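Novice: Just dropping this structure here.
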Amino acid sequence: MSYIDGFVIAVPNANREQFIGHARTFDAIFLEYGATRVTECWGDNVPEGKLTDFRRAVQAKEDESVVFSWIEWPDKATHDAGMEKFMKDPRMAAASDMPFDGKRMIFGSFAPVISLGA
């Protein structure tokens with residue numbers, strides 16, 4: 001079964017195209033280092049909850065959208081090796097010009113327990 005990295009970030013609406021370009025650049029590097037799939041999703045229906053929600057999780061402002069992303073890896077070993085290479089990649093220097101506030105990003109790695117469908 002695969003191994004998954006998940007991310008939730010707040011991106012200023014004015015930076016949407018810049019974010020897409022940024023994601024295309026960095027997502028290609030993940031694929032180069034062994035990821036099997038990378039998905040970036042721009043918030044379309046992100047409701048406010050009564051206790052908690054995606055917007056609060058990343059302290060999204062009124063002029064920001066929530067982006068939900070994940071990286072699929074074939075297994076944890078490939079993930080660990082790929083992430084180590086990614087973090088040392090000289091192209092990471094461009095990460096200092098991120099189109100969002102990385103301090104408000106939430107992320108984690110997950111071992112699937114159920115996977116249905118294609």
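The values are calculated or read from the model by the stated rules, or taken from the named source; none is laboratory data. This one's a predicted model, so the numbers in the text were calculated from it and none came from an experiment. Using ideal geometry, Cβ is built from the backbone for each residue, glycine included, and neighbour counts are taken over all protein chains shown. Surface areas here come from the heavy atoms of the whole protein model, side chains and all, with no ligands, DNA or RNA. Shrake-Rupley method; radii C 1.70, N 1.55, O 1.52, S 1.80 Å.
Novice: Which lysines, if any, have their Cα less than 23 Å from the Cα of Lys61, not counting same-chain residues under 8 positions apart?
Specialist: Lys50, Lys103
Novice: I would also like to ask the following. With θ set to phi - 60° and the Karplus curve 6.51 cos²θ - 1.76 cosθ + 1.60, what are the ³J(HN,Hα) couplings of segment 100-115 in order, to the nearest whole Hz, using x for Gly and Pro?
Specialist: Each residue of segment 100-115 in turn: 8, 8, x, 5, 9, 6, 10, 7, x, 10, 9, 9, x, 10, 9, 9 Hz.
Novice: With a 1.4 Å probe and all protein chains kept in place, how much accessible area does Met87 have, in Å² rounded to the nearest 10?
Specialist: 120
Novice: Helix 16-32 sits at what angle to the longest principal axis of the chain, using alpha carbons and giving 0 to 90 degrees rounded to 10?
Specialist: The helix 16-32 is inclined about 20 degrees to the chain.
Novice: In percent, how large is the relative contact order of segment 1-82, given Cα pairs closer than 8 Å and 6 or more residues apart?
Specialist: Working: 121 pairs, mean separation 43.1, N = 82.
With pairs under 8 Å counted, the relative contact order is 53 percent.
Novice: Take the solvent-accessible surface of the protein heavy atoms, probe 1.4 Å, and return the percent of it on the chain that carbon and sulfur atoms account for.
Specialist: Details: 4360 of 7660 Å².
On the chain, the fraction of accessible area on carbon and sulfur atoms equals 57 percent.
Novice: Show me the ranking of peptides 62-74, 13-25 by mean Cβ neighbours inside 10 Å, starting with the highest. Mind showing how you got there, number by number?
Specialist: On the way: 62-74: 17.5, 13-25: 14.1.
With the highest mean Cβ count within 10 Å placed first, the list reads 62-74, 13-25.
Novice: What value, in deg cm²/dmol to 500, does the helix sum -39500 (n - 2.57) over DSSP H runs of n ≥ 4 give at 222 nm once divided by the residues of the chain? Mind showing how you got there, number by number?
Specialist: Details: 3 runs with 34 residues, N = 118.
Roughly -9000 deg cm²/dmol at 222 nm, from the helical runs in the chain.
Novice: Next up: Where the only charges are on Cβ atoms (+1 Lys, Arg; -1 Asp, Glu), what is the dipole of the chain about its Cα centre, to the nearest 20 debye?
Specialist: Working: 13 positive and 18 negative charges, 38 e Å.
Result for the chain is approximately 180 debye, rounded to the nearest 20.
Novice: Could you state the accessible area per residue of the chain in Å², with a 1.4 Å probe and every protein chain left in place? Before the final figure, lay out each step's value.
Specialist: Values: 7660 Å² over 118 residues.
Heavy-atom accessible area per residue stands at 65 Å².
Novice: Can you give me the distance in nm between label points at Glu84 and Met1, each placed 7 Å from the Cα along the Cα-to-Cβ direction?
Specialist: About 2.5 nm separates the two model spin labels.
Novice: With everything on Cα atoms, drop me the angle between helix 76-88 and the longest principal axis of the chain, reported from 0 to 90° to the nearest 10.
Specialist: In the chain, helix 76-88 runs at an angle near 70 degrees to the longest axis.
Novice: Let me ask something else about it. Reachable aspartates and glutamates from Lys85, Cα under 18 Å, same-chain residues fewer than 8 places away excluded?
Specialist: Asp5, Asp27, Glu32, Glu72, Asp75
Novice: Got a sec? What order do Lys61, Lys88 fall in by accessible area at 1.4 Å, biggest, i.e. largest, first?
Specialist: Putting Lys61, Lys88 in descending order of accessible area: Lys88, Lys61.
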